[in-house]
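Notes follow once the structure below has been shown.
The values are calculated or read from the model by the stated rules, or taken from the named source; none is laboratory data. Keep in mind that this is a model prediction, so the values were computed, not measured. Using ideal geometry, Cβ is built from the backbone for each residue, glycine included, and neighbour counts are taken over all protein chains shown.
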Amino acid sequence: MSTLAATHAHETHVRTHEEPSGWRKYIWSLDHKIIGIQYLFTSLAFLLIGGGMALLMRWQLAYPSTQIMASGDVGNPISLPFINPQFYNALFTMHATVMVFLVVMPLLIGAFGNYLIPLKIGTGDMAFPLINELSYWFYVASGVIMLSGFFVAG
């Protein structure tokens, strides 16, 4: 008695997205590990910005009456007060917002969550990798929009 191989009328359902190569792999990848690394490095970049804000605040507290060269010719500099009270309040508020919403939470949820959770539960990928990547790009856009508030009058 012979056996017949069963043929299927439909194609197999496999993962259909292809991984980009080169530098595009780290920008437009749908791999959860790459997205976790993107969150990690973007959080570290926002950490540098928030740390710079903290340094400005500490500088103002350490030397409250100092003057700095703002602009002018080499022989005739214009000295201005470093930080006025309104800018200090804005800097303090923006520092806290950046550190909480652009550093700590994305680092814990985005970086470690995207990188480690699928590995720990044994899945090959996230449930919706495109939405996962879009959430990263919305995070970057929201950080840029929030930090641009320093440069808008009012």
| message | If I filter the stretch 118-130 down to residues being surrounded by 10 or more Cβ atoms within 10 Å (Cβ to Cβ) and of a type in the set (A, V, I, L, M, F, W, C), which single residue comes out as farthest from the chain's Cα centre (by Cα)? | response | Leu119
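Against the definition (loosely packed, with under 11 Cβ neighbours inside 10 Å, assigned to a helix (DSSP H, G or I) and modelled with pLDDT under 95), how does Leu91 come out, yes or no?
When the stated conditions are applied, Leu91 does not pass them.
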| query | Among (1) among the small types (Gly, Ala, Ser); (2) in a loop (DSSP other than H, G, I, E, B); (3) modelled with pLDDT of 90 or more, where does Gly124 come up short? | reply | (3)
| task | Looking at (1) over 16 Å from the mean Cα position of the chain (by Cα); (2) modelled with pLDDT under 90; (3) under 28 Å from Phe150 (Cβ atoms), find the lone condition where Met1 falls short. | result | (3)
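For the stretch 58-79, check the following and say yes or no: at least one residue is small (Gly, Ala, Ser), under 22 Å from the mean Cα position of the chain (by Cα) and modelled with pLDDT of 75 or more. Step through it out loud before you land on a result.
Step one: list which residues in the stretch 58-79 are small (Gly, Ala, Ser), which gives 62, 65, 70-72, 75, 79.
Among the residues that remain, those that are also under 22 Å from the mean Cα position of the chain (by Cα) are: none.
Checking the stretch 58-79: not a single residue is small (Gly, Ala, Ser), under 22 Å from the mean Cα position of the chain (by Cα) and modelled with pLDDT of 75 or more.
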